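**Q** Okay, handing you the structure first.
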Amino acid sequence: MPEDRLDEALNQIRKESVPAEELAAAKARVWEKLAGTSSPACAEFRPALPAYLAGELEFGRRLLLEDHLSRCPSCRKAWVELRGERKVAVMPAPRRPRAIPRWAKWAVAASLAALAVYLGSGPADRALAPSGPRATLVAASGEVDRVPQGRIPLGAAINEGEILRTAMGARALLRLADGSLVEVNERTELAFESTFTRRTIRLNRGDIIVQAAPQRFGRLQVWTRDSVASVKGTVFAVSSGLAGSLVSVIEGAVQVRQPRGQRLLRRGQAAASTPALDGISVERTIAWSENAEKYYALLGELAAIEKSVAATHSPAVRTQSSLLPYLPAGSLVYVALPNLGPAIGQTVALIEQRAAQSAVLREWWTSQQTLQLKEFV
């Protein structure tokens with residue numbers, strides 16, 4: 001078979017041994033080509049390289065030399081050296097890592113902060129809301145209903161978004177999950193919502209007084225149809241009706257946003273969403289409460305303490321800093337705060353002194369909300 005003969009021939013070729021002389025000669029020929037060993041033609045053309053460089057060779061001789069140069073590496077090397085050209089591969093300088101500018105780090109931090117704000121105002125904030133009921137009914141006089149189910153007993157839990165309504169002549173006291181207390185007037189309708197950063201009371205109509213516990217995360221807000229009251233921990237009242245909304249502050253400070261603008265209310269101040277409610281005093285807005293007399297007395301005590309603190313000598317405002325000259329030259333932000341320790345200590349001592357003489361102030365000073373506030377201070 002032809003295939004058998006081919007296999008037999010291949011096997012014989014594989015088994016055939018090459019004489020050492022022939023193998024050495026083959027290696028020499030290959031090395032000569034690779035190393036560019038000079039040939040007899042090189043000995044003939046290499047002496048003509050200076051004349052070729054000077055342009056003195058005849059046309060025919062020049063063509064032969066150029067043809068030889070195209071095929072002979074050793075002669076090309078000699079030609080390059082004769083011309084004085086020595087190609088040196090220039091290694092690129094190593095790239096030094098670029099230092100990240102300080103402003104870029106601040107930009108990244110600002111971007112992360114913006115992302116946190118975005119997540120805090122969107123689905124992530126709602127998804128991280130605490131579980132459990134939003135409020136509990138701790139006291140009531142008269143009928144208190146969960147809409148549309150009906151009347152609820154003391155100790156009933158109010159869940160997210162459930163609407164609570166008090167009947168005519170009824171009063172209610174609710175405790176929120178964060179410890180805040182909400183006093184509810186008659187014919188009032190409200191609901192509770194919560195996210196990770198906000199606890200919200202939606203007041204559809206009626207009157208409430210809120211004793212807000214200090215908020216460790218976010219704020220406690222009261223929303224009406226045309227107003228938003230936002231606090232971190234204070235006592236304030238909110239009323240909502242056909243004429244508009246009215247926010248009054250009994251103790252602390254409340255940030256109010258209304259169609260007429262945005263304001264920061266202090267103790268004894270009020271803000272109305274419409275001109276029809278202008279001029280209504282704080283005392284009038286809380287007159288419906290069973291604790292109205294206590295709130296009146298607390299307003300008076302806090303006003304007296306504020307006057308005493310204002311009359312106390314305070315250190316002069318500094319316009320220069322002793323540490324600023326020692327900061328590094330690359331510093332971007334420097335913040336300096338006055339030493340408020342002595343002033344705070346003096347205010348606390350004054351409150352404790354007056355609390356020993358006033359039952360109303362003592363009750364407020366030892367309440368759970370104020371104790372949490374003192375922990376922050």
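The values are calculated or read from the model by the stated rules, or taken from the named source; none is laboratory data. On a predicted model such as this, the values are computed, not experimentally measured, just so you know. Cβ atoms come from the backbone with ideal geometry, glycine included; neighbour counts cover every protein chain shown.
**Q** Return the residues of the range 186-220 that are within 22 Å of Asp145 (Cα to Cα), among the basic types (Lys, Arg) and not in a strand (DSSP E or B); say none if nothing qualifies.
**A** Hit for the range 186-220 is Arg187, nothing else.
**Q** Now a separate question. Confirm whether Leu176 is within 25 Å of Ile250 (Cα to Cα) and over 30 Å from the mean Cα position of the chain (by Cα).
**A** Numbers: within 25 Å of Ile250 (Cα to Cα): yes; over 30 Å from the mean Cα position of the chain (by Cα): no.
When the stated conditions are applied, Leu176 does not pass them.
**Q** Next up: Of all residues in the range 258-295, which are without any contact (Cβ under 8 Å) to a residue 40 or more places away in the chain, surrounded by fewer than 16 Cβ atoms within 10 Å (Cβ to Cβ) and farther than 22 Å from Arg225 by Cβ?
**A** Matches in the range 258-295: Arg266, Ser281, Glu283, Ala287, Ala292, Glu293.
**Q** Quick one: in the range 170-185, of everything that is without any contact (Cβ under 8 Å) to a residue 60 or more places away in the chain and part of a loop (DSSP other than H, G, I, E, B), which residue is nearest to Pro153 (Cα to Cα)?
**A** Restricting to residues being without any contact (Cβ under 8 Å) to a residue 60 or more places away in the chain and part of a loop (DSSP other than H, G, I, E, B), the top hit is Ala170.
**Q** Only residues in the range 143-161 that are under 21 Å from Asn185 (Cβ atoms) and assigned by TED's automatic domain parsing to the domain that holds Glu193 count as the first member; pair them with residues that are modelled with pLDDT of 90 or more and aromatic (Phe, Trp, Tyr), Cβ under 8 angstrom, at least 6 apart or cross-chain, and list the lot.
**A** Listed by first residue and then by second, the contacts come to Ile158/Phe192.
**Q** Continuing with this model, one more query. Taking only the range 236-249 into account, find how many residues are in a strand (DSSP E or B) and surrounded by fewer than 24 Cβ atoms within 10 Å (Cβ to Cβ). Even if it seems obvious, please write down each step before you answer.
**A** Here is the first cut: in the range 236-249, the residues in a strand (DSSP E or B) are 236-241, 244-249.
From what's left, surrounded by fewer than 24 Cβ atoms within 10 Å (Cβ to Cβ): 241, 244.
Looking only at that region, the number is 2.
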